[in-house]
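Here's the structure we're looking at; comments come further down.
The values are calculated or read from the model by the stated rules, or taken from the named source; none is laboratory data. Note that the coordinates shown come from a computational prediction; the quantities given were computed from them, not determined experimentally. In this analysis, Cβ positions are derived from the backbone assuming ideal geometry, glycine residues included, and neighbour counts consider all displayed protein chains.
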Amino acid sequence: MLKRVFLIAILMFTSFSVLAQYDHPRKQASKSDSRDERWEGSVILAFQTGVDNQYDNGSAIDVDSALGWGIGFGWNWTDKLNLAYRYQYTNPDYTAVVVPEDPDAVPVDIQHDLSKKTHQFNVTYNFSGKAFTPFVVAGLGWTKLDSNVPSGFSTGCWWDPWWGYICVSDWKTYKTSQFSYNVGAGLRWDISSFVFTKAFYMREFLDVENGSVTFDTATLELGLMF
């Protein structure tokens, strides 16, 4: 999956170098080639740090650090204010300690990989309207977590117009979708009138039934303004 992200980044760089030669009308209408009232899209490479939390009765979760990828789409309301949607996916390994209700039973260690999908709606404030500027960002959304640990087995049957009567069996897994919010800060550089890049650090707060989980992420973003 990461190879695909790098390939997309290379293709975007190539496309941007061509577009940078084109005299887009927006360049003339905008003061100092500003971001003001322009759309933007980006690809994201993220490094998510690990999490090691203790919970009730000795239960615990230890999530490893992992690389992830994502995409973003946004609208520059002004040179300084940006509204954006952001999607990020990571697939870290984890170890969970499950404590049985029976006090005489031995705790069980579960080792697996976690599927984490985060959807965020963010507001970014750039401290300057210039090409190079620091910024702060905050937002909210929801995060889907899938333990990939089977919780049961299900079978569904139906009439298909191509294949006739078919049945499919599959494992269900323990998963949840929870409210999340985030804050962060970083630097933005508009390389040209079309190409921009951002580097920032973000903290995501996720509410779960047994408490809360915090994920820290260092992010490199490459995008196109249009």
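Residues that are within 21 Å of VAL149 (Cα to Cα), touching a Gly at 6+ places or on another chain (Cβ under 8 Å) and surrounded by fewer than 16 Cβ atoms within 10 Å (Cβ to Cβ) within region 56-75 comprise ASP64, SER65, listed in sequence order. Residues in region 206-226 that are out of contact with any helix residue (DSSP H, G or I) (no Cβ under 9 Å at 6 or more places or on another chain), modelled with pLDDT under 95 and in a strand (DSSP E or B): LEU206, ASP207, VAL208, SER212, VAL213, THR214, PHE215.
Number of residues in region 100-142 that are in a loop (DSSP other than H, G, I, E, B), among the hydrophobic types (A, V, I, L, M, F, W, C) and modelled with pLDDT of 90 or more: the value is 2.
Filter region 180-226 for residues that are under 28 Å from LYS144 (Cα atoms) and charged (D, E, K, R); which is surrounded by the fewest Cβ atoms within 10 Å (Cβ to Cβ)? Among them, the one singled out is GLU209.
Taken together, THR78, THR95 contain a single residue that is surrounded by 14 or more Cβ atoms within 10 Å (Cβ to Cβ) and among the polar types (S, T, N, Q), which is THR95. Do we have any residue at all in region 173-183 that's at pLDDT below 65, touching a Phe, Trp or Tyr at 6+ places or on another chain (Cβ under 8 Å) and either in a strand (DSSP E or B) or at positive phi (or both)? No, region 173-183 contains no residue that is at pLDDT below 65, touching a Phe, Trp or Tyr at 6+ places or on another chain (Cβ under 8 Å) and either in a strand (DSSP E or B) or at positive phi (or both). Could you check region 174-199 and list, in sequence order, the residues that are touching a Ser or Thr at 6+ places or on another chain (Cβ under 6 Å) and closer than 21 Å to ARG38 by Cα? Result: ARG188, TRP189.
Within region 66-98, the set of residues being within 14 Å of the chain's Cα centre (by Cα) and of a type outside the set (Phe, Trp, Tyr) comprises ALA66, LEU67, GLY68, GLY70, ILE71, GLY72, ALA84, ARG86, GLN88, THR90, ASN91, PRO92.
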